[in-house]
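Take a look at the structure set out below.
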Amino acid sequence: MASKKESLTARLGITYPIIGGAMYPCSNPELVAAVSAAGGIGIVQPVSLTFVHKHKFREGLRYIRSLTDKPIGLNLLIEKSSQKYLEKNREWLQIALEEGVRFFITALGNPNWVVKTVEPSGGLVFHDTTDKLWAKKAVDAGVHGLICVNNQAGGHAGSLTPERLYEDLAPLGLPLVCAGGIGDRNAYQRALSIGYQGVQLGTRFIASLECTAHADYKQAIVNAEADDIILTRKLTGVPVAVINTKFMKDRGAEVGVIAKFLLDHPRTKHWARMFYSLRSLLELKQSLNKGSDFKEYWQAGRSVAGIEKVESVEAIIRGLVTA
């Protein structure tokens, strides 16, 4: 088992402390492989791999491995809301271990069972967290590091600034990765200067040549400024960061009164959020390869402010790490 005092690059066997965040629906295999090949580590999002990009899971992993021999990771959403989905996660985890994956990022739920499963093979588990309360639970579960999702992130963003989140979590003694707001070299350097061992990028890699998202989506990221990022509950029932496109302005970001009641009430919020999440799986998949004439649920974080063009993953990473 790697020492907690080792650098992130040493622990993961990578060149640069850069993680390509798992994204539904944008994590196509070529993008995952490109991040790893360029010296970071690409993370597989299994629903993207299988449902969106139509690979059987094991074959999809092998396809990625055919594109690069560098380390890759796997993202697992492990909340217990669906027993069937939880069992699917167990299956994906076992296959990934068999295929040589040794880095895992968990989100939601208790990652204890993931830690116990991967540690015998020398694997590492980092857990997504947005605050100290959930971070402590992950630490108690035995995770090896934390992905610190701040208020600059795309998707399900946190509420704290990168600085405040680091201040709250540093005493826990685990390696911390800054997730959110990393769109250019200045942001990358700032995260490391705060004390983070590494960074996780999502939005920046959507605006890459290797990502298969529609060109209109990529251009919307390039054109957007930080103030163009808004939160909406209309995708998953909880706030998600998206670009405030014309579609969003026309439709509005807020859910209706009845939906808000169902999403917030203790007896109904589980089922309401499940309904929204399942519906969004299809809508996001459809919008991935559609232009601006379609529903524009385009997830992005406030890192858009530092993104000026669409370029290769290699160029993006080189721009982050070199002056």
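The values are calculated or read from the model by the stated rules, or taken from the named source; none is laboratory data. No experiment lies behind these values; they were computed from the predicted model shown. Glycine also receives a Cβ, built like all others from the backbone with ideal geometry; neighbour counts cover every protein chain displayed. Remember, those area values only see protein heavy atoms, side chains included, never the ligands or the DNA or RNA. Shrake-Rupley method; radii C 1.70, N 1.55, O 1.52, S 1.80 Å.
Annotations
- When restricted to residues that are more than 16 Å from L49 (Cβ to Cβ) and either in contact (Cβ under 8 Å) with a residue 24 or more places away in the chain or among the hydroxyl-bearing types (S, T, Y) (or both), region 60-89 contains 7.
- Candidates A153, A135, A157, filtered to the one that is closer than 25 Å to T203 by Cα, open to solvent by less than 40 Å² (accessible area, probe 1.4 Å) and part of a helix (DSSP H, G or I): A135
- Of the residues making up region 145-193, those that are more than 30 Å from I221 (Cβ to Cβ) and in contact with a His (Cβ under 9 Å, 6 or more places away or on another chain) number 1.
- Pair list, Cβ under 7 Å, 6 or more apart: region 12-30 residue under 18 Å from Q45 (Cα atoms), other residue in a strand (DSSP E or B) and open to solvent by 30 Å² or more (accessible area, probe 1.4 Å): I19/Q200; G21/Q200
- Residue check for H156: in contact with a Pro (Cβ under 9 Å, 6 or more places away or on another chain) and over 28 Å from W298 (Cα atoms): no
- Residues of region 60-96 that are among the hydroxyl-bearing types (S, T, Y) and modelled with pLDDT of 95 or more: Y63, S66, T68.
- Residues satisfying the stated conditions in region 218-232, i.e. assigned to a strand (DSSP E or B) and open to solvent by 30 Å² or more (accessible area, probe 1.4 Å): I230, L231
- Taking the conditions (1) touching a residue at least 24 places away in the same chain (Cβ under 8 Å); (2) over 27 Å from N244 (Cα atoms); (3) open to solvent by 10 Å² or more (accessible area, probe 1.4 Å) in turn, V177 satisfies each one other than (3).
- Residue count for region 103-117, restricted to those that are closer than 15 Å to R11 by Cα and without any contact (Cβ under 8 Å) to a residue 40 or more places away in the chain: 1
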